[in-house]
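Take a look at the structure set out below.
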Amino acid sequence: MKNMVLAAALLLSSASFAGAVTQINAREHTCTEITQIIRQEKKLFVRVGIGGRSFRYPPAKCGPGDKRDTTNLQDATGKQCILDYACVYDPQSLYNFR
C-alpha cells in the first residue's frame, strides 16, 4: 500500500511539472514559427524524429546533466533551423556517469 501511495504521489508531481512545457513537432512548423513559439511559451519541447530537444526562452540554466548549446533541426519546409536556446545532453557532466 505504501508503494502505491508513493507511486501515485510521484506520478502526480511529475505530471504537474510536465504540464508547464508545451510540445510541438518540428516538421509541422517553419523556423520562424518555432522561434516565435519558443518566445511565447517560454518552455518548449520540440519533437525531432524519434527523440526531441528542450528549449527555454530567455535562455535559462539547464538541468543537471544538460548544457546550453545551439542546435539545428529541420522544419516543415525542409530548411535547417539553428536555434541557440537548447539544453542538450552533456556527456562530460558528472550527472551522466554511471
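No value in this document is a laboratory result; all are computed from the given coordinates. Bear in mind the structure is a predicted one, so any value in this text is a computation, not a measurement. Neighbour counts run over all protein chains shown; Cβ positions are idealised from the backbone, glycine included.
Give me the orientation-averaged projected area of the Cα convex hull of region 18-78, in nm², one decimal.
Details: hull surface 17.5 nm².
So the Cα hull casts an average projection of 4.4 nm².
Can you give the net charge of the other residues whose Cβ lies under 13 Å from the Cβ of ASN72, counting K and R as +1 and D and E as -1? Before the final figure, lay out the partial values.
Numbers: positive: ARG53, LYS79; negative: ASP69, ASP75, ASP84.
Once all neighbours under 13 Å are counted, the net charge is -1.
Under 5 Å between amide hydrogens, built in the peptide plane, is the criterion, and for LYS42 it picks out TYR57 among residues at least 5 positions away or on other chains. Karplus-derived 3J(HN,Hα) values for region 61-69, using 6.51 cos²θ - 1.76 cosθ + 1.60 with θ = phi - 60°, are 5, 7, x, x, x, 10, 9, 7, 7 Hz; glycine and proline are entered as x.
Residues whose amide H comes within less than 5 Å of that of ALA86, counting only those at least five positions distant or on another chain, are ASP69, THR71 (H built at 1.01 Å from N in the peptide plane). Within straight cross-link reach of LYS67, meaning Cα distance under 14 Å, which aspartates and glutamates are found once same-chain residues fewer than 8 apart are removed? The reachable aspartates and glutamates, counting only those whose Cα sits under 14 Å from LYS67, are ASP84, ASP90.
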